[in-house]
Amino acid sequence: MKRFRGLWHGLAALMLFSSVAGAADIVIGFLVKQPEEQWFQLEWKFADMAGKDFGFEVIKIGVPDGEKTLAAIDNIAANGAQGFVICTPDVKLGPAIVAGARANNLKVLAVDDRFVGADGKDMESVHYLGISAYKIGQEVGKTLMEQMAKRNWDIKDVGLCLVTFDELPTIQDRTDGARDMCIEMGFPESQVYRAPVMQRMEIPTALDATNTLLTRYPNVKHWLIAGGNDSCVLGAVRAMEGRGIAVADAIGVGINGTDCVPELEKANPTSFYGSILLSAREHGYLTSEMMYKWIKDGVEPPLDTRTVGKLITRDTFRRILKDEGITE
Ligand code: FCA
């Protein structure tokens, strides 16, 4: 009897093992340009969740430049992947990424940042999931104008600081949307000032860009701040603090909603008013699920999927982030 039980346990273990091995029959890559950013950490977290739910393996690789991107594509193919989701470090790498995918017989889905072809146009034939960037920018602009209306600022003393990164179309659309909405709601166009960040959107690069701007416009008393993402706006907020601009004299609204959590958790409010929270779940989970079903069942994802965002502030972020599965 004892021997039978042992045999049975052995068989059960074997079955379990084969089902795990079977689960890894499908392997996908998930490559991101800035793995240190909370946004991308969350995309990975949700990709893993999809892998667990559907039974596929996710190989996660940070790809900060072109060389690492092309090496990662070869690497995941060598490790059995049949496709990958990617937020590229440079949209102009699009044609090279597509060539690398073809050479390795991999399917590719671009997330967040859409590939741009040699002709400078969006590569519309490459499947893409991104945000409704212009609309989300408009929400930033609307929030800034509504908050400004609550303060008794003389409009002639106000500047709109736009922390831009025009190299990336999804970012340009966001800052254009914010600017256009402010102007539409009555903000003087001549008081819109641009602070372009260099190379990468990070807090230090945004801080430097804003410092340059503040040096040029020392007479502005109050600031509205919009930018490509949370890091851009956080950098601007830090620059203003560094110049001694009072917390109440600036209003910043970010985009992502994931990289500003420590800021919103601070005991005392800063000028960072809130952020438009994007759906890391859809960008991580849904893209991975699409890739899995494409590989497994031949179900081709839609060519262009756009996601929306919602405002979070110090008052609401805890509840909303919990509902979205971002925090416990
Ligand atoms: C771009 C930005 C990220 C995030 C994403 C949706 O890739 O760099 O911070 O906003 O779009």
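The values are calculated or read from the model by the stated rules, or taken from the named source; none is laboratory data. Note that the structure is a prediction, hence the values are computed from the model and not measured. Please note: Cβ atoms are built from the backbone with ideal geometry, for glycine as well, and neighbour counts cover all protein chains shown. SASA here: full protein model, heavy atoms, side chains in, ligands and nucleic acids out. Shrake-Rupley method; radii C 1.70, N 1.55, O 1.52, S 1.80 Å.
Things worth noting here:
- Rounded, prolate or oblate (a/c below 1.5 giving rounded, otherwise prolate when a/b exceeds b/c) for region 24-74 by Cα gyration tensor: oblate
- Centre separation in Å (Cα based) which lies between region 78-104 and region 236-300: 26 Å
- The mean sequence distance of close C-alpha pairs (under 8 Å, at least 6 residues apart), as a share of the length of region 126-203, puts its relative contact order at 43 percent.
- Between Ile183 and Glu57, the modelled label-to-label distance comes to 5.2 nm, taking each label 7 Å out from Cα in the direction of the beta carbon.
- Modelled FRET efficiency - R0 30 Å, Glu36 with Arg216, Cβ distances, 0.05 increments: 0.50
- Placing +1 on each Lys and Arg Cβ and -1 on each Asp and Glu Cβ, with no other charges, gives region 107-192 a dipole about its Cα centre of roughly 280 debye.
- Net dipole in debye of the chain [+1 Lys, Arg Cβ; -1 Asp, Glu Cβ; about Cα centre; nearest 20]: 860 debye
- Of Lys107/Lys296; Lys33/Lys68; Lys150/Lys221; Lys135/Lys322; Lys68/Lys293; Lys45/Lys310, pairs whose Cα-Cα distance is over 18 Å: Lys135/Lys322; Lys68/Lys293; Lys45/Lys310
- As a length-normalised measure over Cα pairs under 8 Å and 6 or more apart, the relative contact order of the chain settles at 18 percent.
- Estimated from the Cβ-Cβ distance and a Förster radius of 41 angstrom, the FRET efficiency linking Asp304 and Lys68 is about 0.95.
- Per residue, the accessible area of the chain comes to 47 Å², computed with a 1.4 Å probe over protein heavy atoms only.
- Whole-percent carbon and sulfur share, accessible surface of the chain, 1.4 Å: 54 percent
- 20 Å reach of a label modelled at Ala118, 7 Å along Cα-to-Cβ, counting backbone N of region 80-109: 90-104
- Chain lengthening between Ile155 and Glu265 when straightened (0.36 nm per residue, less Cα-Cα): 36.6 nm
- Highest-first packing order for the peptide set 74-86, 236-248, 181-193 is 74-86, 236-248, 181-193, based on the mean count of other beta carbon atoms within 10 Å.
- Which of Gly120, Met145, Gly284, positive extreme of dipole for the chain (C-beta unit charges): Gly284
- Probe 1.4 Å, all protein chains present, accessible-area order of Asp176, Asp315, largest first: Asp315, Asp176
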